[in-house]
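Asker: My questions will all concern the structure given below.
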Number of protein chains: 2
Amino acid sequence: MSFSPILEKDVVTWTDKKDVLVVGFGGAGACSAIEAFDNGASVAIFEAASESGGSTKLSSAELYLGGGTTVQKAVGYDDSVEDVYGYLMDSNGPQADAAKVRAYAEGGAAHLDWLMALGVPFKMSEYPQRAMMALTDDCLLYTGSEKAWPYVDKYKHAPRGHNLYVEGDNGGPLFVKIITEAVEQRDIDIHIEARALRLIVDAFGPEQRVVGLVVREDMQERYYRANKGVILCAGGFVMNAEMMQQYAPELAKAGTVPIGNPNDTGGGIQMGLSVGARAINMHEGFLSVPFYPPATLTHGIFVNGQGQRFINEDAYHGRIGCYLVRQTYPVYLVLNVEDYADYETASWLAAPVAGTGETVAELAEELRLPDSGLIDTINTYNLAAQSGNDEQFHKSKEWLKPLTGPFVALDCTPGAGAFLPHFTLGGLDTTVDGQVLSVQGDVISGLYAAGRTACGVPRRGDGYASGSSVGDATFSGRRAGRQAAIA
Amino acid sequence: MSFSPILEKDVVTWTDKKDVLVVGFGGAGACSAIEAFDNGASVAIFEAASESGGSTKLSSAELYLGGGTTVQKAVGYDDSVEDVYGYLMDSNGPQADAAKVRAYAEGGAAHLDWLMALGVPFKMSEYPQRAMMALTDDCLLYTGSEKAWPYVDKYKHAPRGHNLYVEGDNGGPLFVKIITEAVEQRDIDIHIEARALRLIVDAFGPEQRVVGLVVREDMQERYYRANKGVILCAGGFVMNAEMMQQYAPELAKAGTVPIGNPNDTGGGIQMGLSVGARAINMHEGFLSVPFYPPATLTHGIFVNGQGQRFINEDAYHGRIGCYLVRQTYPVYLVLNVEDYADYETASWLAAPVAGTGETVAELAEELRLPDSGLIDTINTYNLAAQSGNDEQFHKSKEWLKPLTGPFVALDCTPGAGAFLPHFTLGGLDTTVDGQVLSVQGDVISGLYAAGRTACGVPRRGDGYASGSSVGDATFSGRRAGRQAAIA
């Protein structure tokens, strides 16, 4: 049985013994290892791939942090812990974990400083456009739905996405280079091309303690002892088709594209489950319709197979993505041709043009939508745009603009060609300090998890904000590392 | 740690030894016990409550069965296994379990005959009205969305809800009386007020086998050995607030009402988890807006906070309920006063009247809806009703009728007073024969589950059909009982 634990007494030879063993050398694993070491532990880190980075390296490494970070203050934003807390609790809905959100809101500013002290560079500047990520080397931008309904009037907003001081979408490699160097500068044993296979426990059953790790490296199975703990930072499971079908079948079959690194196969979650850990929120995922830039597309409206609008189009792309997949298909983004702008070169979306028309009726016919639906929808929207008050969907005045034609409609239906990515938001249930909880709700001695192997702060696709994953992974990694070291 | 397993070697005295021990004396447990016994096993059954029945007794005990049952044939319906299979696979969406659906479609007719042979009475008749359940002693009725879009043109439809031969909503007690007698007539040990606490295993770890059960009865903990297996038929977890928050937070916080028996506290699922079982689909649930009868309410339209329709109102009430909770609130059912009919006495819904009006504008104002939204929606709907073609939502012609006023609107917003019930559809992952699967996907020796302790045929609230729970519970219970006996 793959991933099943083995008993300590069955280990013939220990290859090495350390206080803390970290599985996975991405953002979470690197920060775990650093904190464990800096808190006095001897540490080894194991990475299945041939280099560090995991999904963090593939990302833009935006960090969603607030409550008055150094950059926020330098740029002149007065963000508060309570506004971060309120927004994250609300946007993570029924699944929100108050303890984790509280720690993240309170510790966000210090976390950024910690990263800066490691050498991660941030320009004291803002990228003021609506975009999925900063396209310059500027730092701060809005990466959630803070300025959009239903949040805008409930919590004071501030930009909390922190983009690295590097041009274009190149934050991930730079971030990983710096945290990798920070690991290398410490006396931490680094094992590359070393795949964790099983946990080692001192006993099976309720009294078990996790005491080590079986690793495959150099074509052999090796046995490493963990005097204090094993920290699972092995990513999520979006690349494991069998686990996706078991635990997240709606996401698996949404017709969207899994994103992550090839080792996001759930090995960390499986090792946790194999010793009785509890997995939660396993069905949930991030699911995006990455339609901006160009920001001008926000002047358009999304319509479903009934020709209805279904969301305020100035919301975060991931919120819109989650609403999109609940609609009756097809789903189109309808806009004035003049707002099409530099869509073909600037957009990640790559949705094909589904129809055009000088009039709404002409467009409706090309789209094969119920024409009364689309006509009513556009008439109502135009009245809202003219009055500056979208009483149906509460799109902000800034983005309201009459749809007067000529029109173009982009086909955003899953499977029709647009790039609609997804990844998982479920994982092992842990305490705020990364201790893995059993199915009975007890701490499993010696076992920790962080990053997407755990279920952390971001828990809902429709409430997601960019920068939540690298933010949460590095933050939760640090907490787990410290806890394991001082345990 | 509650529910943790104990070791066989730590058992000092066995109170009794049987081949098969069944936990829970509801529909699933009774049928498990009967089949296990009839296949040669010695059997004991344990029920925490002071009488048999579980949630089956509280239900109407409709059975969703098709493929040419004795009653379907007698009434003149030519239902096929393939149409049952196609409909159930489609309506259970990405979560559908092909092996379980196949077995259920192929075995449905024989299952009804088996129940009839036990003495469960069915009249060879049909209840032709649209209703949540038959209100007479007639048998067959449509209890899903078979005649509604998107299924109606894809699978040949037939009524598959089988109502017992008893007046009114009294199927549950009668059904339980008969299956209880069937258990009593066999040499099966019945333990009432006996709460299963823990499983007993021969070893902890990957080589474990489930060999018994710890039961609290007569104020003592007693130890029962299972030579062949333990079958968990202890219901779902809708009454366990902590589990609901962990595993089904959206359902828990939907503002709807949990329904089930007080012992639906997830004990069976917890016992399974405690020996390494895999739980799946834990977030999902049935969630109903029980608005018919009176069937005339189907002439109305549901509108959301944008004043939009969002579903074909001739769909099954549970499908509508699941769509309802995804809307921006409030949600109203708008109808002509003449269709209000005997709503106050006939309906389970008990939604308060939110507004009335001679005109749509008057109604929109009372409802505080964006009036252009509601006016457009009703205009579009009326055009569809006049033409007999609802091209937006595909409500069948039979239920299309112009909304001409005077109007009444019922407030169906969760929390606003309407009765909107929910229960869980997640549970232990099992083979089609009820063998519980581990987190690694292996069969856990000696452990079985059925009914809502397992994840069975019904897996989506928006695809649910009434009669699926008692149908699946009794069907899966039988399969588990037989498998345990012949193992």
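The values are calculated or read from the model by the stated rules, or taken from the named source; none is laboratory data. For clarity, every value in this text was computed on a predicted model and none was experimentally measured. For neighbour counting, all protein chains shown are included, and Cβ atoms are generated from backbone atoms with ideal geometry for every residue, glycine included. Surface accessibility is based on the protein's heavy atoms, side chains included, excluding ligands, DNA and RNA. Shrake-Rupley method; radii C 1.70, N 1.55, O 1.52, S 1.80 Å.
Asker: Those residues that are touching a helix residue (DSSP H, G or I) at 6+ places or on another chain (Cβ under 7 Å) and of a type outside the set (Ser, Thr, Tyr), I need them from region B:337-362; list them, please.
Answerer: Scanning region B:337-362 gives B:339, B:341, B:354, B:355, B:357, B:360, B:361.
Asker: Right, residue B:261: facing another protein chain (nearest Cβ under 10 Å) and either among the small types (Gly, Ala, Ser) or in contact with a Gly (Cβ under 6 Å, 6 or more places away or on another chain) (or both) or not?
Answerer: Values: facing another protein chain (nearest Cβ under 10 Å): no; either among the small types (Gly, Ala, Ser) or in contact with a Gly (Cβ under 6 Å, 6 or more places away or on another chain) (or both): yes.
Considered against the rule, which asks whether it is facing another protein chain (nearest Cβ under 10 Å) and either among the small types (Gly, Ala, Ser) or in contact with a Gly (Cβ under 6 Å, 6 or more places away or on another chain) (or both), residue B:261 comes out as no.
Asker: Of everything in region B:117-136, what is part of a loop (DSSP other than H, G, I, E, B) and touching a Leu at 6+ places or on another chain (Cβ under 8 Å)? Give them in sequence order. So that I can check it myself, show each step before the final result.
Answerer: Looking only at region B:117-136, we keep the residues that are part of a loop (DSSP other than H, G, I, E, B), and these are B:119-125, B:127-136.
Of everything in region B:117-136, those that are part of a loop (DSSP other than H, G, I, E, B) and touching a Leu at 6+ places or on another chain (Cβ under 8 Å) turn out to be B:120, B:121, B:122, B:125, B:127, B:128, B:129, B:131, B:133, B:134.
Asker: Determine whether residue A:114 is surrounded by fewer than 20 Cβ atoms within 10 Å (Cβ to Cβ), outside the structural domain of residue A:213 (by TED's automatic domain parsing) and assigned to a helix (DSSP H, G or I). Spell out how you get there, then give the answer.
Answerer: Values: surrounded by fewer than 20 Cβ atoms within 10 Å (Cβ to Cβ): yes; outside the structural domain of residue A:213 (by TED's automatic domain parsing): yes; assigned to a helix (DSSP H, G or I): yes.
So residue A:114 fits the description; yes.
Asker: Taking region B:192-225 as the region of interest, how many residues are open to solvent by 70 Å² or more (accessible area, probe 1.4 Å) and more than 14 Å from chain A (Cβ to nearest Cβ)?
Answerer: Number of matching residues: 7.
Asker: Right, here's the next one. Confirm whether residue B:487 is small (Gly, Ala, Ser), farther than 27 Å from residue B:325 by Cα, surrounded by fewer than 22 Cβ atoms within 10 Å (Cβ to Cβ) and in contact (Cβ under 8 Å) with a residue 12 or more places away in the chain. Lay out the reasoning, then the answer.
Answerer: Numbers: small (Gly, Ala, Ser): yes; farther than 27 Å from residue B:325 by Cα: yes; surrounded by fewer than 22 Cβ atoms within 10 Å (Cβ to Cβ): yes; in contact (Cβ under 8 Å) with a residue 12 or more places away in the chain: yes.
Here the answer is yes, as residue B:487 does meet what is asked.
Asker: With the requirement that a residue be open to solvent by 40 Å² or more (accessible area, probe 1.4 Å), over 20 Å from the mean Cα position of the chain (by Cα) and under 11 Å from residue A:291 (Cβ atoms), what does region A:343-360 give you?
Answerer: Step one: of region A:343-360, the residues open to solvent by 40 Å² or more (accessible area, probe 1.4 Å) are A:344-345, A:348, A:350, A:352-353, A:356, A:358-359.
Restricting the remaining residues to those that are over 20 Å from the mean Cα position of the chain (by Cα) gives A:344-345, A:350, A:352-353, A:356, A:358-359.
The one that is open to solvent by 40 Å² or more (accessible area, probe 1.4 Å), over 20 Å from the mean Cα position of the chain (by Cα) and under 11 Å from residue A:291 (Cβ atoms): A:350.
Asker: Further, regarding this structure: Could you pull out the residue among A:323, A:329, A:340 that is of a type in the set (Ser, Thr, Tyr), more than 25 Å from the chain's Cα centre (by Cα) and within 14 Å of chain B (Cβ to nearest Cβ)? Walk me through how you get there before you give the answer.
Answerer: Details: A:323 fails: more than 25 Å from the chain's Cα centre (by Cα); A:340 fails: within 14 Å of chain B (Cβ to nearest Cβ).
Result of the check over A:323, A:329, A:340: A:329.
Asker: Restricting to region A:266-297, count the residues that are more than 14 Å from chain B (Cβ to nearest Cβ) and either open to solvent by 20 Å² or more (accessible area, probe 1.4 Å) or not aliphatic (A, V, I, L, M) (or both). Walk me through how you get there before you give the answer.
Answerer: As a first pass, look at region A:266-297 and keep what is more than 14 Å from chain B (Cβ to nearest Cβ): A:286, A:288-297.
Next, only the ones that are either open to solvent by 20 Å² or more (accessible area, probe 1.4 Å) or not aliphatic (A, V, I, L, M) (or both) stay: A:286, A:288, A:290-296.
Total satisfying the criteria: 9.
Asker: Continuing with the same structure: If we scan region A:298-318, do we find a residue that is open to solvent by 20 Å² or more (accessible area, probe 1.4 Å) and more than 14 Å from chain B (Cβ to nearest Cβ)?
Answerer: Within region A:298-318 (the criterion being open to solvent by 20 Å² or more (accessible area, probe 1.4 Å) and more than 14 Å from chain B (Cβ to nearest Cβ)), the answer is yes, since at least one residue qualifies.
Asker: Residues B:306, B:270: which one is in the same structural domain as residue B:443 (by TED's automatic domain parsing), of a type outside the set (Val, Ile, Thr) and touching a residue at least 12 places away in the same chain (Cβ under 8 Å)? So that I can check it myself, show each step before the final result.
Answerer: Details: B:306 fails: in the same structural domain as residue B:443 (by TED's automatic domain parsing).
When all the criteria are applied, what remains is B:270.
Asker: Across region B:370-401, what is the total count of residues that are within 34 Å of the chain's Cα centre (by Cα) and part of a loop (DSSP other than H, G, I, E, B)?
Answerer: Qualifying residue count for the region: 11.
Asker: In addition: Looking at region B:321-349 only, could you name the residues that are modelled with pLDDT of 95 or more and in a helix (DSSP H, G or I)?
Answerer: B:321, B:322, B:323, B:324, B:337, B:338, B:339
Asker: Here is a further query. From B:64, B:85, B:104, B:77, grab the single residue that is within 18 Å of the chain's Cα centre (by Cα) and open to solvent by 30 Å² or more (accessible area, probe 1.4 Å). Break it down stepwise before answering.
Answerer: Numbers: B:64 fails: open to solvent by 30 Å² or more (accessible area, probe 1.4 Å); B:104 fails: open to solvent by 30 Å² or more (accessible area, probe 1.4 Å); B:77 fails: within 18 Å of the chain's Cα centre (by Cα).
Only one candidate passes the filter, namely B:85.
Asker: How many of the residues making up region A:201-214 are farther than 23 Å from residue A:478 by Cα and outside any loop (DSSP other than H, G, I, E, B)? Please lay out each step first, then the result.
Answerer: Initially, region A:201-214 is screened for residues farther than 23 Å from residue A:478 by Cα, giving A:201-208, A:214.
Restricting the remaining residues to those that are outside any loop (DSSP other than H, G, I, E, B) gives A:201, A:214.
So the answer is 2.
Asker: Same structure, new question: Condition test on residue A:95, is it open to solvent by less than 20 Å² (accessible area, probe 1.4 Å) and more than 18 Å from residue A:471 (Cα to Cα)?
Answerer: Numbers: open to solvent by less than 20 Å² (accessible area, probe 1.4 Å): yes; more than 18 Å from residue A:471 (Cα to Cα): yes.
In short, yes.
Asker: For region A:226-265, how many residues are open to solvent by less than 20 Å² (accessible area, probe 1.4 Å), small (Gly, Ala, Ser) and either under 12 Å from residue A:449 (Cα atoms) or free of Cβ contacts under 8 Å to residues at least 24 places away in the same chain (or both)?
Answerer: The qualifying residues number 3.
Asker: Starting from region A:389-405, take each residue that is more than 19 Å from residue A:336 (Cα to Cα) and list its partners that are at pLDDT 95 or above and surrounded by fewer than 20 Cβ atoms within 10 Å (Cβ to Cβ), counting only C-beta distances under 7 angstrom and pairs at least six apart or across chains.
Answerer: A:394/A:149
Asker: Residues of region B:365-413 being charged (D, E, K, R), within 13 Å of chain A (Cβ to nearest Cβ) and either surrounded by 22 or more Cβ atoms within 10 Å (Cβ to Cβ) or out of contact with any strand residue (DSSP E or B) (no Cβ under 9 Å at 6 or more places or on another chain) (or both), which ones?
Answerer: Of everything in region B:365-413, those that are charged (D, E, K, R), within 13 Å of chain A (Cβ to nearest Cβ) and either surrounded by 22 or more Cβ atoms within 10 Å (Cβ to Cβ) or out of contact with any strand residue (DSSP E or B) (no Cβ under 9 Å at 6 or more places or on another chain) (or both) turn out to be B:371, B:376, B:390, B:391, B:395.
Asker: If you don't mind, there's one more thing I want to ask. Taking the condition of being within 14 Å of chain B (Cβ to nearest Cβ) and not in a helix (DSSP H, G or I), how many residues in region A:1-20 meet it? Quick ask: steps written out before the conclusion?
Answerer: Taking region A:1-20 and keeping what is within 14 Å of chain B (Cβ to nearest Cβ), we get A:1-10.
Applying the additional criterion that residues be not in a helix (DSSP H, G or I) yields A:1-7.
Within region A:1-20, residues that are within 14 Å of chain B (Cβ to nearest Cβ) and not in a helix (DSSP H, G or I) number 7.
Asker: If you take the residues in region B:148-191 that are outside any loop (DSSP other than H, G, I, E, B) and among the aliphatic types (A, V, I, L, M), which one is surrounded by the most Cβ atoms within 10 Å (Cβ to Cβ)?
Answerer: Filtering region B:148-191 down to residues outside any loop (DSSP other than H, G, I, E, B) leaves B:161-162, B:171-184, B:189-191.
Subset that is among the aliphatic types (A, V, I, L, M): B:174, B:176, B:178-179, B:182-183, B:190.
On the way: B:174: 17, B:176: 23, B:178: 17, B:179: 28, B:182: 21, B:183: 23, B:190: 18.
Applying the filter and picking the extreme gives B:179.
Asker: For residue A:182, indicate whether it is among the small types (Gly, Ala, Ser), over 30 Å from residue A:49 (Cβ atoms) and at pLDDT 95 or above.
Answerer: Details: among the small types (Gly, Ala, Ser): yes; over 30 Å from residue A:49 (Cβ atoms): no; at pLDDT 95 or above: yes.
Criteria not met by residue A:182.
Asker: So which residues in region B:418-453 are closer than 23 Å to residue A:282 by Cα, assigned to a strand (DSSP E or B) and either of a type in the set (Lys, Arg) or within 14 Å of chain A (Cβ to nearest Cβ) (or both), if there are any at all?
Answerer: Within region B:418-453, B:422, B:424, B:427, B:428, B:430, B:436, B:437, B:438, B:443, B:444 qualify.
Asker: Looking at residue B:328, is it of a type outside the set (Lys, Arg) and either under 14 Å from residue B:378 (Cα atoms) or surrounded by 21 or more Cβ atoms within 10 Å (Cβ to Cβ) (or both)?
Answerer: Details: of a type outside the set (Lys, Arg): yes; either under 14 Å from residue B:378 (Cα atoms) or surrounded by 21 or more Cβ atoms within 10 Å (Cβ to Cβ) (or both): no.
No; evaluated as a whole, the condition is false for this residue.
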